[in-house]
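What follows is a set of notes on a single structure, which appears directly below.
The values are calculated or read from the model by the stated rules, or taken from the named source; none is laboratory data. This structure is a prediction, so every number in the text was calculated from the model and none was measured. As a convention, Cβ positions derive from the backbone with ideal geometry for all residues, glycine included, and neighbour counts pool all protein chains shown.
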Amino acid sequence: MTGATAQSKAASSIDTSMESRFAYVFCATDNRYACSVLVNIHRLRTLNSSVVIHVLVSTDITDPFIGAMEGLSANVHVLDPPAYAEGEGGYHRGCLLKLLAFKLHMLVPGLRRILVLDSDQLILRNMDKLFEGLPDVDLAAPRAYRLSKDFLATTFMMINLSDRLWETIRAAFEALEYNKFDMDLVNDVLGDTVMMLSGEYVTLNSHWENWDLPRWFHPTGKLEATVVKRMNGLLKPPRESGESGRQVEQEDADVQDWIATGQQVSLSGSAIGVLAHAPTPAAALSASLLPPVLDEEDEKPKPVPPSPSPRFPDSHSISKQLYQLQESAPIIHFSALGKPWMLPRMAVTVARPDAHPLLAQQFEMWRETAAMVCPDGILQ
């Protein structure tokens, strides 16, 4: 393990009664993640959070981003991430930096409780009340509900800081096995003592891509029949269900009609299962395939905005309940398509023309904020 020492750059903090005890904590190991940290700091400020914000950054973060964080009254600490086993790197390089948050009370005397958040998320609600509302446990974290009912997600960790807990984490660094990462470490060390929170604190935006609902969510109103259940692959493939070839052919034709028209049609159960894996309409396969439109003023070609064709209209119960899901979620985690800095709204619509409209809006909300708060040149 490398030493977790280094320079600390602290900006002026917000003067509140919570200042000496509580803090939100973000981490960044490159400038793209630093941009997302800035987005979420801005979101917390917009949501009138009164809790201090600290950011742990590696030496790869450039001065313009550090200055932008300080400009939003965040306290920035430049630290060396603990090293992985020899040969590890790539996507996970520097990810253990997040776990140095367990020693933040040593850098900031008086700090008692912190909420550590991944940067590649979008904060939707003020979470200040959690600092005093959750019981005093070493760690509270949401269930990684898409992985396992007994596996906690480290994208959201409420930590009660102590020397004892930090020593437990520090010792785990030294014993970290090959091909294990920050989430594995925390689950191995604290998985049997964690206070498991609802999955709402790690809501995946793939729900708006796939038109499904997490099991922890309890919407108002009933779904229409069992369409969504079937649509998300819970039925066996048609030919394994004892259905006749003629029936399958008719259902395949129904699906192709749906794809061709982009309109909601009446589908039988098995056809809905086919629809879940149907190919994207050819007109929306790639933005590069869209015919350009000539601007009359400057005669420069402009891309044709794609026409989204959501699987269900806004009046449908599943569509309404996905709106409710976003209203209920404190945080959206970007699990669909890629990181938010990779895709503008048009690219999301092209890639997923049949997704719920909120999917593209989530990317757009992130990018509009990034355009305001991030140094130039970071967005594609």
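Tally up the residues in the range 343-380 that are surrounded by fewer than 20 Cβ atoms within 10 Å (Cβ to Cβ) and polar (S, T, N, Q), please.
2
Residues that are at pLDDT below 95, in a loop (DSSP other than H, G, I, E, B), surrounded by fewer than 16 Cβ atoms within 10 Å (Cβ to Cβ) and touching an Asp or Glu at 6+ places or on another chain (Cβ under 7 Å): does the range 50-57 have at least one?
Yes: one or more hits.
Among (1) surrounded by 16 or more Cβ atoms within 10 Å (Cβ to Cβ); (2) modelled with pLDDT under 80, where does Pro142 come up short?
The number of the failed condition is (2).
Can you tell me how many residues within the range 50-73 are out of contact with any Phe, Trp or Tyr (no Cβ under 6 Å at 6 or more places or on another chain) and either of a type in the set (A, V, I, L, M, F, W, C) or under 18 Å from Trp366 (Cβ atoms) (or both)?
Of the residues in the range 50-73, the ones out of contact with any Phe, Trp or Tyr (no Cβ under 6 Å at 6 or more places or on another chain) are 50, 52, 54, 56-73.
Narrowing further to those that are either of a type in the set (A, V, I, L, M, F, W, C) or under 18 Å from Trp366 (Cβ atoms) (or both): 52, 56-57, 61, 65-66, 68-69, 72.
Number satisfying all stated conditions: 9.
Exactly one of (1) small (Gly, Ala, Ser); (2) crowded, with 19+ Cβ neighbours inside 10 Å; (3) farther than 30 Å from Ala351 by Cβ is unmet by Ala175. Its number?
If we test Ala175 against (1) small (Gly, Ala, Ser); (2) crowded, with 19+ Cβ neighbours inside 10 Å; (3) farther than 30 Å from Ala351 by Cβ, just (2) comes out false.
If you go through the range 306-329 one residue at a time, how many are assigned to a helix (DSSP H, G or I), within 20 Å of Asp120 (Cα to Cα) and in contact (Cβ under 8 Å) with a residue 40 or more places away in the chain? Please lay out each step first, then the result.
Let us first name the residues in the range 306-329 that are assigned to a helix (DSSP H, G or I), namely 317-328.
Add one more test, that the residue is within 20 Å of Asp120 (Cα to Cα), and what stays is 325-328.
In the following step, the residues that additionally are in contact (Cβ under 8 Å) with a residue 40 or more places away in the chain were identified as 325-326, 328.
Adding up the residues that qualify gives 3.
Going residue by residue through the range 203-212, is there one that turns out to be at positive phi and touching a Lys or Arg at 6+ places or on another chain (Cβ under 7 Å)?
First, the residues of the range 203-212 that are at positive phi: 211.
Those still in the list that are touching a Lys or Arg at 6+ places or on another chain (Cβ under 7 Å) too: 211.
Scanning the range 203-212 turns up at least one residue that is at positive phi and touching a Lys or Arg at 6+ places or on another chain (Cβ under 7 Å).
Answer yes if at least one residue in the range 330-342 is closer than 25 Å to His218 by Cβ, assigned to a helix (DSSP H, G or I) and modelled with pLDDT of 90 or more, and no otherwise. Spell out how you get there, then give the answer.
Filtering the range 330-342 for residues closer than 25 Å to His218 by Cβ gives 330-336.
Checking which are assigned to a helix (DSSP H, G or I) leaves us with none.
So far as the range 330-342 goes, no, none of its residues is closer than 25 Å to His218 by Cβ, assigned to a helix (DSSP H, G or I) and modelled with pLDDT of 90 or more.
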